[in-house]
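The values are calculated or read from the model by the stated rules, or taken from the named source; none is laboratory data. Keep in mind the model is a prediction, meaning the values are calculated, not measured. Every residue, glycine as well, gets a Cβ built from its backbone with ideal geometry; the counts of neighbours run over all protein chains shown. Accessible surface areas use protein heavy atoms only, side chains included; no ligands, DNA or RNA. Shrake-Rupley method; radii C 1.70, N 1.55, O 1.52, S 1.80 Å.
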Amino acid sequence: MIETHDLSREYGPKLALSGLNLRVEPGEILGFLGPNGAGKSTTVKILTGMIRPTRGTARVAGFDVVEQPLEVKRRIGYVPETAALYDALTASEYLELIGCLHHMDRKTADTRSNELLELFGLTAEKHQRLREFSKGMRQKVLIAAALIHRPEVLFLDEPLDGLDANAAMVVKEVLKQLAGQGRTILFCSHILDVVERMCTRIVIISNGQQIADGTADAIRSATGSATLEEAFSRLTGVRDVARLASEFISALERA
Amino acid sequence: MRRLFAAAGVDFEQWKALTVVALKLDFRGSALTQRQGEHESRVVNR
């Protein structure tokens, strides 16, 4: 479970996150949306213990992220938007390292590593160095690393980025099954149709503040929109996309 | 050894895993640099 109360974070004079109150139950896949710079990554960084909030509290899997950060880190899996992998390691060695960091015994880590690499179709490449991997293959390794210790709570920041259609389908199905087992998933993405199909609930933030919370249907009907994309545009400030695009094209033609 | 690490607030297993990886990266990094250097010198000697 994820629970925040009045969660806020300032970067100097800039308020990146302001008074976020959030509760995500076990078994839920929460779509966490917002335009660029809205405060999504700041929220995820606080919830994963990477940065401290300047105000408010957050609990993940029953532990306070500031007071008990190690307990939190033991129970979470995190796929960051951008990640640096150890390029000189093989996929198998990288997953072994992650297993060791989570205090898994070598046999269990090996078994799970092989299962996950097979799931993502990387068995033949498991002894290749990560520097030889494509962007999609690296993303698969990152997802495998987030799942290897079977975390209670998953934070996924654009997890489908770079994946081909087949791999994306596998990931979506895995996430649904993990939620079915009672795991809590926070899913950040800009691909709104994926969010709409996958997530049981959606929270939208803008300028560091929560501006919508509900199912995709509820958000669409509350904003009088036909699609989640339209609702997102209305809520986050871009009201007339067609007019904006026309003005842009006219400006290009004038230049 | 473990007790010593624990007293210093360092998780021995994690330290060991990261040290092994750091050594691998170091050796492989220098092996790669050496190979690249050899390649460059062959190109220069042509």
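For region A:124-139, putting each phi into the Karplus relation 6.51 cos²θ - 1.76 cosθ + 1.60 with θ = phi - 60° gives couplings of 5, 9, 5, 9, 8, 5, 5, 5, 8, 7, 6, 4, x, 5, 5, 5 Hz, in residue order, rounded to whole numbers and with x for Gly and Pro.
When the pairs A:Lys73/A:Lys172; A:Lys107/B:Lys16; A:Lys14/A:Lys40; A:Lys107/A:Lys135; A:Lys40/A:Lys135; A:Lys45/A:Lys126 are compared against a 19 Å limit on Cα-Cα distance, A:Lys73/A:Lys172; A:Lys107/A:Lys135; A:Lys40/A:Lys135; A:Lys45/A:Lys126 fall above it.
Here the protein assembly as shown carries DSSP beta bridges of which approximately 55% are antiparallel, counting only pairs with both residues inside. Computed over the Cα atoms of region A:112-255, the ratio of the radius of gyration to the Kirkwood radius (Rg/Rh) comes to 1.08.
Dipole size in debye (nearest 20) for chain A around its Cα centre, Lys and Arg Cβ +1, Asp and Glu Cβ -1?
360 debye
Peptide packing: for A:217-229, A:151-163, the average count of neighbouring Cβ atoms within 10 Å per residue gives the ranking A:151-163, A:217-229, highest mean first.
Remark: mean inter-chain Cβ contacts per residue of A:2-14 equal 0, using a 10 Å Cβ-Cβ cutoff to other protein chain atoms. The Cβ shell under 13 Å around A:Gln177 holds other residues with a net charge of +3, Lys and Arg each +1, Asp and Glu each -1. For A:Val79, the residues whose modelled amide H falls within less than 5 Å of its own, excluding neighbours fewer than 5 places apart on the same chain, are A:Phe155, A:Leu156, A:Asp157. Over the protein assembly as shown, dividing the summed -39,500 (n - 2.57) contributions of all DSSP H runs of at least 4 residues by the number of residues returns a 222 nm mean residue ellipticity of -15000 deg cm²/dmol. The dipole here belongs to region A:28-78: it is taken about the Cα centre, uses +1 on the Cβ of Lys and Arg and -1 on the Cβ of Asp and Glu, and is about 140 debye. Just the protein heavy atoms count here, and of the accessible area of region A:111-228 at 1.4 Å, carbon and sulfur take up 48 percent. Each residue of region A:143-149 was assigned a 3J(HN,Hα) from its phi angle through the Karplus expression (A = 6.51, B = -1.76, C = 1.60, θ = phi - 60°), giving 5, 4, 5, 6, 9, 4, 9 Hz with x at Gly and Pro. When the inverse distances between all different Cα atoms of the protein assembly as shown are averaged and flipped, the Kirkwood radius reads 21.5 angstrom. Dipole orientation for the protein assembly as shown: of the candidates A:Met104, A:Gly31, A:Ala226, A:Met104 has the Cα lying most toward the positive pole (charges on Cβ; Lys, Arg +1; Asp, Glu -1). Annotation for region A:133-161 versus region A:193-255: alpha-carbon center distance of 27 Å. What you get for region A:24-130, charging only the Cβ of Lys and Arg (+1) and of Asp and Glu (-1), is a dipole of about 360 debye around the Cα centre.
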